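The values are calculated or read from the model by the stated rules, or taken from the named source; none is laboratory data. Just so it is clear, the structure is predicted and the values come from calculations on it, not from any experiment. Heads up, the Cβs are rebuilt from the backbone with ideal geometry, glycines too, and the neighbour counts pull from every protein chain shown. With ligands, DNA and RNA removed, areas are computed over all heavy atoms of the protein, side chains included. Shrake-Rupley method; radii C 1.70, N 1.55, O 1.52, S 1.80 Å.
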Amino acid sequence: MSVSRRDFLTTAVVGSLSFGLHGQGREEQEPRPAGAQAGGKRPIIVCAGNGYNYLDDAYKFLKNGGDTLEAALRVVKGPEDDPKDDSVGLGGLPNEEGVVELDACCMHGPTRRAGSVGGVRNIKNVSLVAKAVMEHTGHVMLVGEGAERFAVARGFARENLLTEHSRKIWMLWKEYHSTDDWWGPGLADPHFQPPALPPHSELWPERLRKLAEMASGIGIEPEFRQSAIWKVLFPPTGTIHCSALNEKGEISGCTTTSGLAFKLPGRVGDSPIIAAGCYTDQDVGSAGATGSGEENIKVAGAHTIIENMRHGMSPLEAGMDALKRIVRNYNSDMNKLRFVDMTYYVLRKDGAYAGVSLWEGYTPDKPHKIAVHDGNLRAEKTVALLKGSSQEFPPFPPIPEDLKKDSEYLK
Ligand code: ASP
């Protein structure tokens, strides 16, 4: 039986699948909401939760006088090199043709320079390639084959970025979606219709049974089967952004990703777009994003946040305003916003910071987090604009109207 990506999964079914989207399993302190503090400490580094394990080393480097961009790149290189992080660099989930395509950008505050690469194949440390574009060309952005050739000319090694683990998840996605893919009108299409309610009680057990059978046929090890099925049902996003500020007030930022899983070849998300995935202004601060790239590009999220802070907003207010612009783009239609998610990591020049997100997390047990090191390493829950958790495609049942009422930011 063919199943469309626009079919949806019931809460009950999700509840019965007891596994997480990212399975980071990191040691973290009891999370607490980020963004409440008024003043800040310097030096400080903030990043997405998957950078947590790399913050200690980068913080020491920064504290000892290291450059702010170098410090941020030390953090994001960790997930880029880690074959187990399937959202960034080596081992990233591939596009619909099974090819890993990476995006990254960086901005160096003190020298007010930027570099970026999009749709790069075969080179894992694209954040460093973005830096090389910044330092060794008269351009800001290189894409595709040209970016890859530039990287090789600069001494980066070509390698196969598709791990066996990611290949098998892609294969499961291919087989499951043999008649469905990312083609066709998206969420932003004025004629987009939320899916009708299928007889899920009958469909889902059979669907899951089939997926499990396929996964076993493909050779996905039993311990990874549930998370592979989850990724096929909810093609994940995943990225790392990092901003670093030193004692002198110099600030830089970078973002790197393998982008949306199973995307169309050539699709470039927000991560390499200066002003969307990352923006740093030495006079104000630095901000970056992870989440639904298409939505973030339309609000130029990171730049919007920096401009908001330039005009007096706190990091929290500035981030919330960018999120509200995403909500506005869908006229607060929760049937659509349900399938969008966005997290912003905001660092002001005085060290004040905030982590804000559209939803509280991917699932109730996976809250969005910002990792912070200002001498004290911690992961904090982001402040969410909307209550509840997001799900990416396939769309989820409509969320209750009172969600809107409960959110103080939508009044
Ligand atoms: N923003 C990235 C993209 O759209 C994905 C993510 O952050 O998870 O490519």
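Once the 1.4 Å probe is applied to the protein heavy atoms, the range 93-148 comes out at 32 Å² accessible per residue.
Between R154 and S216, the simple label model (points 7 Å from Cα in the Cβ direction) yields a spacing of 4.8 nm.
Most simply put, the range 82-160 has about 65% antiparallel DSSP beta bridges, counting only bridges with both residues inside it. What does the C-alpha gyration tensor say about the overall shape of the range 223-276? Classify as rounded when a/c is under 1.5, otherwise prolate if a/b is larger than b/c, or oblate. In terms of gyration-tensor shape, oblate. Exceedance of the 32 Å cut-off in Cα-Cα distance is limited, within the set K77/K349; K210/K381; K124/K210, to K210/K381; K124/K210.
Restricting the GluC sites (Glu not before Pro) of the range 91-166 to loop positions (DSSP other than H, G, I, E, B) with no more than 10 neighbouring Cβ atoms within 10 Å leaves E159. Cross-link partners for K336 among the lysines, with Cα-Cα distance under 18 Å and sequence neighbours closer than 8 places in the same chain left out: K298, K324, K387, K404, K405.
Its Kirkwood hydrodynamic radius, worked out from the mean inverse distance over all distinct Cα pairs, puts the range 242-400 at 15.7 Å.
Shown here for the range 330-394: GluC sites (Glu not before Pro) in loop regions (DSSP other than H, G, I, E, B) with at most 12 other Cβ atoms within 10 Å, of which there are none. Summing charges over neighbours of V356, with a neighbour being any other residue whose Cβ is under 10 Å away from its Cβ, gives -2 when K and R count +1 and D and E count -1. Any idea how far the Cα center of the range 272-349 sits from the one of the range 59-111, in Å? Between the Cα centre of the range 272-349 and that of the range 59-111, the gap is 20 Å. Segment E164..E70, full-extension length gain: 30.7 nm, with 0.36 nm per residue of separation and the alpha-carbon distance subtracted.
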